[in-house]
Amino acid sequence: CNTDNISEFIENLLQKLLVTYNINGNLMKVSYNIGATAMENINDSTANVIRKCDLALIRAKEKGLNEYEIFKPSLEVQTLKEGIIERELRHGLDLNEFVVFYQPIINLKNNQICGFEALLRWHYLKSVFVSPLEFIPVAEKCGLIVELGNIVLEQSLKVAKLLSRYINDEFIISINISPRQFSDREFIRSTIQILENEELENVKLQFEITEKLAVENIDYTIEVINQLRKYNITFALDDFGVDYSSLNYLRRLPIQAMKIDKSFIQDIEKDETYFIVETIIKLCKKLGLNVVAEGVETEEHYRAVKELGCDYVQGYFISRPLAVEEMIEFIEKYKSQN
Ligand code: C2E
Ligand code: CA
Ligand code: CA
């Protein structure tokens with residue numbers, strides 16, 4: 001069975017289905033969408049065939065009424081629905097569909113690469129990249145974030161070891177930790193275990209947390225941070241500026257770095273925003289925190305945050321998040337130019 005045969009079959013089927021019904025004198029039409037796939041591999045599991053049909057069906061619905069789609073690896077859909085995500089996360093884990101991308105962080109003092117943020121990607125059916133903004137909240141809700149978090153940590157530390165062959169100085173690998181993961185009872189133990197499995201020499205592990213954690217239970221948050229600080233793990237407060245931006249948390253949390261949210265950087269040409277960013281940077285310096293500007297997309301953004309004495313930058317202006325192989329290429333190229 002090939003794609004042409006399937007198309008012919010579906011078109012015939014739709015023709016038969018698209019008739020007008022007369023129900024008690026009311027003329028009615030039913031509309032259809034069809035998602036299909038060719039069995040490329042006889043060993044493909046039933047579950048996988050259904051997943052492919054489902055993905056094709058989503059695309060068919062996006063195209064409009066009475067449309068059909070046949071699965072192909074390059075299929076692009078706008079969004080996966082929450083129900084599908086929840087059902088599919090576990091399959092994704094079983095089939096190793098999760099990969100970590102890395103985005104470089106640059107030290108503005110010497111222009112050198114000083115770290116990478118690990119950003120999780122779901123390569124659904126090895127076909128569509130689902131944004132973490134869509135699946136992380138679902139994974140949080142159903143608890144799978146704990147397992148995913150461990151995968152990110154394991155993969156990132158392995159990759160850090162590889163990248164350390166290309167970078168001479170000490171660098172940071174920065175990992176996002178969601179509230180559910182952080183408050184999991186096993187969090188400290190599994191982190192230490194994963195860390196002990198990798199002998200890292202010039203790599204420093206950093207965890208990025210948000211204020212949401214502190215709101216839930218500040219004392220517990222402080223306790224966990226202090227425990228992990230003993231293992232040389234540093235902490236950055238992520239997305240600063242968007243949520244509570246509480247000075248109280250800033251005062252109490254034993255963090256080492258602050259990441260200014262990209263919405264501020266992207267609006268930095270406006271005077272008010274510029275002054276706010278200036279003040280955040282000054283405040284952080286006084287508190288002895290390293291400041292990272294996120295979402296630096298243009299030369300203007302870059303210049304502005306440099307002028308304000310920001311320590312580190314991260315954003316599309318330097319590089320998008322990249323797969324490991326691409327990152328190695330990026331490092332080589334960056335080193336030769338700087
Ligand atoms: P985040 O931690 O704030 O990560 C930064 C996001 O900004 C990333 O989106 C990154 O690709 C994007 N970004 C980087 N530079 C630029 C830029 O110059 N302009 C713009 N517009 N965007 C830029 P991404 O990878 O889609 O991740 C979205 C969010 O998903 C992350 O936001 C983080 O909250 C969450 N996330 C990603 N990976 C993980 C993970 O492994 N664990 C957890 N718990 N959350 C994760
Ligand atoms: Ca982050
Ligand atoms: Ca952020």
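The values are calculated or read from the model by the stated rules, or taken from the named source; none is laboratory data. Values in this document were obtained by computation on a predicted structure and should not be read as measured data. Here the Cβ is made from the backbone with ideal geometry for all residues, glycine too, and neighbour counts use every protein chain on show. In case anyone asks, the SASA skips ligands and DNA or RNA and just uses the protein heavy atoms, side chains included. Shrake-Rupley method; radii C 1.70, N 1.55, O 1.52, S 1.80 Å.
Tabulated data
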| quantity | calculated |
| --- | --- |
| Conditions (1) without any contact (Cβ under 8 Å) to a residue 60 or more places away in the chain; (2) away from ligand 3 (no atom under 16 Å from the Cβ): number failed by I328 | (1) |
| Those residues of the stretch 216-250 which are in contact with a Phe, Trp or Tyr (Cβ under 7 Å, 6 or more places away or on another chain), more than 16 Å from D184 (Cα to Cα) and without any contact (Cβ under 8 Å) to a residue 40 or more places away in the chain, in sequence order | F235, G241 |
| Residue identified as of a type in the set (A, V, I, L, M, F, W, C), away from ligand 3 (no atom under 13 Å from the Cβ) and more than 21 Å from I145 (Cα to Cα) among I233, I255, I265 | I255 |
| Hits in the stretch 301-324 - residues which are open to solvent by 40 Å² or more (accessible area, probe 1.4 Å) and closer than 18 Å to Q112 by Cβ | K306, Y312, F317 |
| Residue that is surrounded by the fewest Cβ atoms within 10 Å (Cβ to Cβ), among those in the stretch 244-266 that are within 12 Å of ligand 1 (Cβ to nearest atom) and in a loop (DSSP other than H, G, I, E, B) | Q266 |
| Filtered residues of the stretch 47-98 (kept if in contact with a strand residue (DSSP E or B) (Cβ under 8 Å, 6 or more places away or on another chain), at pLDDT below 85 and β-branched (V, I, T)) | V77 |
| Pair list, Cβ under 6 Å, 6 or more apart: the stretch 126-147 residue closer than 20 Å to L322 by Cβ, other residue open to solvent by 70 Å² or more (accessible area, probe 1.4 Å) | S127/P73 |
| Residue in the stretch 202-219 that is nearest to ligand 2 (Cβ to nearest atom), counting only those that are open to solvent by 40 Å² or more (accessible area, probe 1.4 Å) and farther than 12 Å from N232 by Cβ | K212 |
| Test: residue in the stretch 45-59 that is basic (K, R) and open to solvent by 80 Å² or more (accessible area, probe 1.4 Å) | no |
| Breaking point among (1) outside any helix (DSSP H, G or I); (2) open to solvent by less than 30 Å² (accessible area, probe 1.4 Å), for L157 | (1) |
| Options L65, L75, L14; residue that is of a type in the set (A, V, I, L, M), more than 30 Å from Y302 (Cβ to Cβ) and open to solvent by 50 Å² or more (accessible area, probe 1.4 Å) | L65 |
| Qualifying residue in the stretch 137-160 (condition: modelled with pLDDT under 95, at positive phi and out of contact with any Asp or Glu (no Cβ under 8 Å at 6 or more places or on another chain)) | yes |
